[in-house]
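Novice: The structure's right below; bear with me while I get my questions together.
The values are calculated or read from the model by the stated rules, or taken from the named source; none is laboratory data. Remember, predicted model here, so these are calculated numbers, not experimental data. Please note: Cβ atoms are built from the backbone with ideal geometry, for glycine as well, and neighbour counts cover all protein chains shown.
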Amino acid sequence: MAPSPLGPAAAADAAAPEDVAGRSVRAAGWVAVSSVGNVVLSFVVFLVLARLLDPSEFGLVAVAVVFIDILLIVTRGGLPDLVVQTERLDDGFVDTAFWVALASGCLYGLALVALSWPVAWMLRIPELQPVLAALAATFVIAAAGVIHEARLQRRFGFRSLAIRALVANLIGGSVAIALALNGFGVWSLVIQRLLATSMTTLLTWAAFPWLPGLRFVRAHARRQLAFGSRVFSTQLLLTLSIRSQEVVAAYFLSTADIGLLRMAWRCIDLISQVAVIPLAAVALPTYARLQDRPRELAAAFDGFVAMSAVLALPAFVGMAVVAPHLVPLLFGEQWREAVPVLRILALLGPEFVATSMLWMIFTASDRTGTALVLSAGQFTITILAAMVTAPFGLSALVVGHVVRAYLFSPLVVRSAGRFVPLGNLRIAALLAPILACSVAMGAAVSLVQERLYAQLGDHEGLAAAIGLGILVYGILALLFLRAPLRRSVALILNRKAALATAAAPRAEAVPIPATP
């Protein structure tokens, strides 16, 4: 084989000519393996902390976790998405991206250390300052591996990424549990994050043994900073749209309310990490391969949404139905007040599934400016809604967030529909039968679950209620969800017609577009 005219970068990132749909499904399978493993590990740590701390103490943990989540977005800075999205790479481009990412990580780390004192003072939580200062190290550690990770994603190397994540989180989770049991509290999370981030970077280097050169091309750097800043700002605003509730709650409500809110969101995260995130994680490289074929991109979106909804919507409904028994059983009686909050958040299921697969279309299609404007609008409305509703209590705050989500998401769909054939009615028609079967399943379980608990006890009754829900939903799905099930099975079996993407990915032979 002749060497690539673009150098080792293009050769290393060249994709094998095979079906995009099949590669997406296999990639999603590995992400699912990683997600399930990580959910189990993180949930065990969360469960230990929940039983060791009361809701008031857990509030400090919840606030620290807000900044941990923000750190994950800031550290990436949008550069990995550009590396995945760009059709043609050369060595100068990827070398420049590495040094831009590393320099940005160092600057962000220093900034967080400087801001840790005023942030702790404004939130009136002095214990938060050393926590934030320690977490600043994750900026530099993670930045050293994000470009390696992006190049693995370009090659659909999700198997390596999955193994890396499992090993890193197993080590970090084990240490966190040991520390939590010995009374380290929030510091168990801090050390877990530092250790897991370090292991993740080291294992990413091992999976993609690329040594960046000393090239730094200013033209590339300008494009990377422009694109990355838009993607980074969009992702940060989307994260803040959710996590800002906890910051607002810290101002208007008690630390116990923050703990209850974090508990409810953590239960929602359990479902999303298994049924939504695996598919959303491979959406960007899949959409990027189809960015100049809008109809096939829309078909890919439909496929991701259908498969995710078939798994996620019954789980959201089922969790809401059994929550009064599930939450106290898992976390302890002191968390029973989180049940109504969890039930309200479960209403986000359909909106969350659709938008999780939607936002990456803007990045893959190089419409990051549009995404930034939309995310800024969403964040602004979210903050205003939270400020208005929080004084009326925790439930009012959560209801306001759900209402905001369903009012704003149609605008995001319409914006994407300008360059991809998508529409609100199309998405509603796709989700409606799946949601109907899920609600019918929830109603069936709700009618009989109290009898099951009375006759079998809490543990066995809960298991029987969940088993009944799976059986009822399975029957309803076979009767009424044949179309989305056929699509999902076709994806799993790697049929070329699954997403109407029989054509192979394009060869990377198109020059890097100029900065808009």
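Novice: Output yes when any residue across segment 161-182 is in the same structural domain as Ala206 (by TED's automatic domain parsing), without any contact (Cβ under 8 Å) to a residue 24 or more places away in the chain, crowded, with 17+ Cβ neighbours inside 10 Å and more than 28 Å from Ser229 (Cα to Cα), and no when none is.
Specialist: So far as segment 161-182 goes, yes, one or more of its residues are in the same structural domain as Ala206 (by TED's automatic domain parsing), without any contact (Cβ under 8 Å) to a residue 24 or more places away in the chain, crowded, with 17+ Cβ neighbours inside 10 Å and more than 28 Å from Ser229 (Cα to Cα).
Novice: Also, quick follow-up: Here is a check on your reading of the model: is Phe304 at pLDDT 90 or above, within 30 Å of Leu290 (Cβ to Cβ) and not basic (Lys, Arg)?
Specialist: No: the conditions fail for Phe304.
Novice: Quick one: how many residues across segment 412-438 are in a helix (DSSP H, G or I) and touching a Leu at 6+ places or on another chain (Cβ under 7 Å)?
Specialist: Filtering segment 412-438 for residues in a helix (DSSP H, G or I) gives 412-416, 424-438.
Add one more test, that the residue is touching a Leu at 6+ places or on another chain (Cβ under 7 Å), and what stays is 412-413, 415-416, 433-435, 437-438.
Summing the residues that are in a helix (DSSP H, G or I) and touching a Leu at 6+ places or on another chain (Cβ under 7 Å) in segment 412-438 gives 9.
Novice: If Ser395 satisfies all but one of (1) touching a residue at least 24 places away in the same chain (Cβ under 8 Å); (2) crowded, with 19+ Cβ neighbours inside 10 Å, what's the number of the condition it fails?
Specialist: (2)
Listed here are the residues, each with its yes/no results for (1) aromatic (Phe, Trp, Tyr); (2) touching a Leu at 6+ places or on another chain (Cβ under 8 Å); (3) part of a helix (DSSP H, G or I).
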| residue | (1), (2), (3) |
| --- | --- |
| Phe352 | yes, no, yes |
| Met357 | no, yes, yes |
| Met360 | no, yes, yes |
| Thr370 | no, no, yes |
| Val373 | no, no, yes |
| Met387 | no, no, yes |
| Pro391 | no, no, yes |
| Leu397 | no, yes, yes |
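Novice: Can you run down the residue pairs with Cβ atoms below 9 Å, 6 or more apart or on separate chains, where the first is in segment 230-245 and at negative phi and not assigned by TED's automatic domain parsing to the domain that holds Ala346 and the partner is at pLDDT 70 or above and among the charged types (D, E, K, R)?
Specialist: Ser241/Arg404
Novice: Could you check segment 205-228 and list, in sequence order, the residues that are within 26 Å of Trp359 (Cα to Cα) and either among the β-branched types (Val, Ile, Thr) or under 19 Å from the mean Cα position of the chain (by Cα) (or both)?
Specialist: Gly228
Novice: With the condition kept exactly as written, say whether any residue in segment 250-263 is of a type in the set (Val, Ile, Thr), buried (at least 18 other Cβ atoms within 10 Å of the Cβ), in the same structural domain as Met357 (by TED's automatic domain parsing) and under 18 Å from the mean Cα position of the chain (by Cα).
Specialist: Scanning segment 250-263, I find no residue that is of a type in the set (Val, Ile, Thr), buried (at least 18 other Cβ atoms within 10 Å of the Cβ), in the same structural domain as Met357 (by TED's automatic domain parsing) and under 18 Å from the mean Cα position of the chain (by Cα), so the answer is no.
Let's see how each residue does on (1) modelled with pLDDT under 90; (2) outside the structural domain of Thr368 (by TED's automatic domain parsing); (3) farther than 24 Å from His325 by Cα:
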| site | (1), (2), (3) |
| --- | --- |
| Val402 | no, no, no |
| Val412 | no, no, yes |
| Ser415 | no, no, yes |
| Asn424 | no, no, yes |
| Cys437 | no, no, no |
| Gly442 | no, no, no |
| Asp458 | yes, no, no |
| Leu479 | no, no, yes |
| Leu491 | yes, no, yes |
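Novice: Can I ask one more? Spot the failing condition for Pro324; the list is (1) touching a residue at least 24 places away in the same chain (Cβ under 8 Å); (2) in the same structural domain as Leu397 (by TED's automatic domain parsing), and only one is missed.
Specialist: (1)
Novice: Also: With part of a loop (DSSP other than H, G, I, E, B), modelled with pLDDT under 85 and not charged (D, E, K, R) as the only criterion, which of Ile73, Ile125 stands out?
Specialist: Every option except Ile125 fails the conditions.
Novice: Looking at (1) in contact with a helix residue (DSSP H, G or I) (Cβ under 9 Å, 6 or more places away or on another chain); (2) surrounded by fewer than 19 Cβ atoms within 10 Å (Cβ to Cβ), find the lone condition where Leu425 falls short.
Specialist: Going through (1) in contact with a helix residue (DSSP H, G or I) (Cβ under 9 Å, 6 or more places away or on another chain); (2) surrounded by fewer than 19 Cβ atoms within 10 Å (Cβ to Cβ) one by one, Leu425 breaks only (1).
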